[in-house]
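The values are calculated or read from the model by the stated rules, or taken from the named source; none is laboratory data. Because the structure is predicted, anything quoted here is derived from the model rather than measured. Here Cβ is always computed from backbone atoms with ideal geometry, including for glycine, and neighbour counts include all displayed protein chains. Calculation scope for accessible area: heavy atoms of the full protein, side chains included, ligands and nucleic acids excluded. Shrake-Rupley method; radii C 1.70, N 1.55, O 1.52, S 1.80 Å.
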Amino acid sequence: MPELVFFSGTMDCGKSTLALQIVHNRAARGLQSVIFTRNDRAGQGKLSSRLGLVTDAVEVTDGMDLYAHLVDAISRGGRVDYVIVDEAQFLAPAQIDQLARVVDELDLDVHAFGITTDFRTRLFPGSQRLIELADRVEALQVESLCWCGARATHNARTVGGVMVVEGAQVVIGDVDEAAGEVGYEVLCRRHHRRRVTSATAGAGALSPDVLPVHP
């Protein structure tokens, strides 16, 4: 049976690479996809991986009806065997509902890839709706690591290497931005809570969470 599957993980855990691998493997078997994405690091209408792989995609815009887009493509004689959605966290909840409708009414598999929570550890609306509707939620097996070596579970927004906790939910950046620019870093929960990034880890300041020692 066709499924809506949500592949989730932190930044830098290989989500886009896996999406591109699925496209490659299925294309080798003669299957054709429609690829949706939004706010990819390579620019509009692209699905890219940090490994350097890139392919064309359909850029999702505000108010776009994904179900209607696919119906129109099929009605015009296009072939669609399955659907890939990257950066799914940026989609509106209504667009996630449209993806579920694609599975249920068009009998197409939909593979959605995205991060679950933002830099404040709050669910993205698109990710929340995917968790609510998906047939399966799969955690990516390639684990990102915090600077300390522990498994990274949280995405931190940084400016000049310093973690920030205020601002708009969506600000486009990457994990390798130049100093002084808005960037992102994956951290374990302990260091996200203490706001300790790789750039500030050597400062030597005691965390406010350190237990007091009384003589």
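From the residues in region 8-26 that are under 19 Å from residue 89 (Cα atoms) and of a type in the set (Val, Ile, Thr), which one is most open to solvent (accessible area, probe 1.4 Å)? If you could, list the steps in order and put the result at the bottom.
Our first condition is that a residue be under 19 Å from residue 89 (Cα atoms); within region 8-26, this holds for 8-20.
Restricting the remaining residues to those that are of a type in the set (Val, Ile, Thr) gives 10, 17.
On the way: 10: 16, 17: 41 Å².
The qualifying residue most open to solvent (accessible area, probe 1.4 Å) is 17.
Restricting to region 122-141, and then to whatever is more than 14 Å from the chain's Cα centre (by Cα) and assigned to a loop (DSSP other than H, G, I, E, B), can you tell me which residue is nearest to residue 63 (Cα to Cα)?
134
Is it the case, given these coordinates, that residue 190 is open to solvent by 40 Å² or more (accessible area, probe 1.4 Å) and modelled with pLDDT of 80 or more? Please lay out each step first, then the result.
Numbers: open to solvent by 40 Å² or more (accessible area, probe 1.4 Å): yes; modelled with pLDDT of 80 or more: yes.
Taking the combined requirement at face value, the residue satisfies it.
Results for (1) modelled with pLDDT under 95; (2) more than 17 Å from the chain's Cα centre (by Cα); (3) β-branched (Val, Ile, Thr); (4) not in a strand (DSSP E or B), shown as yes or no for each residue.
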position	(1), (2), (3), (4)
47	yes, no, no, no
95	no, no, no, yes
99	no, no, no, yes
104	no, yes, no, yes
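Exactly one of these conditions fails for residue 118: (1) of a type in the set (Asp, Glu); (2) out of contact with any Leu (no Cβ under 6 Å at 6 or more places or on another chain); (3) open to solvent by 50 Å² or more (accessible area, probe 1.4 Å). Give me its number.
Failed condition: (3).
Please verify whether region 25-38 includes one or more residues that are out of contact with any Leu (no Cβ under 8 Å at 6 or more places or on another chain) and touching a residue at least 60 places away in the same chain (Cβ under 8 Å). Walk me through it before giving the result.
Just the residues of region 25-38 that are out of contact with any Leu (no Cβ under 8 Å at 6 or more places or on another chain), to begin with: 25-33.
Imposing the further condition that a residue be touching a residue at least 60 places away in the same chain (Cβ under 8 Å) reduces the set to none.
Among the residues of region 25-38, not one is out of contact with any Leu (no Cβ under 8 Å at 6 or more places or on another chain) and touching a residue at least 60 places away in the same chain (Cβ under 8 Å), which makes the answer no.
Within the group 83, 71, which residue is touching a residue at least 12 places away in the same chain (Cβ under 8 Å) and within 18 Å of residue 113 (Cβ to Cβ)? It would help to see each step written out before you state the result.
Values: 71 fails: within 18 Å of residue 113 (Cβ to Cβ).
Just a single option satisfies the conditions, and that option is 83.
Scan region 129-152 and report the pairs whose first residue is open to solvent by 100 Å² or more (accessible area, probe 1.4 Å) and whose second residue is assigned to a loop (DSSP other than H, G, I, E, B) and among the polar types (S, T, N, Q), with Cβ atoms within less than 6 Å and a gap of 6+ or a chain change.
147/198
Would you be able to tell me the number of residues in region 34-45 that are over 14 Å from the mean Cα position of the chain (by Cα) and open to solvent by less than 40 Å² (accessible area, probe 1.4 Å)? Write out each step before concluding.
Of all residues in region 34-45, those over 14 Å from the mean Cα position of the chain (by Cα) come to 34-35, 42-45.
In the following step, the residues that additionally are open to solvent by less than 40 Å² (accessible area, probe 1.4 Å) were identified as 34-35, 43, 45.
The qualifying residues number 4.
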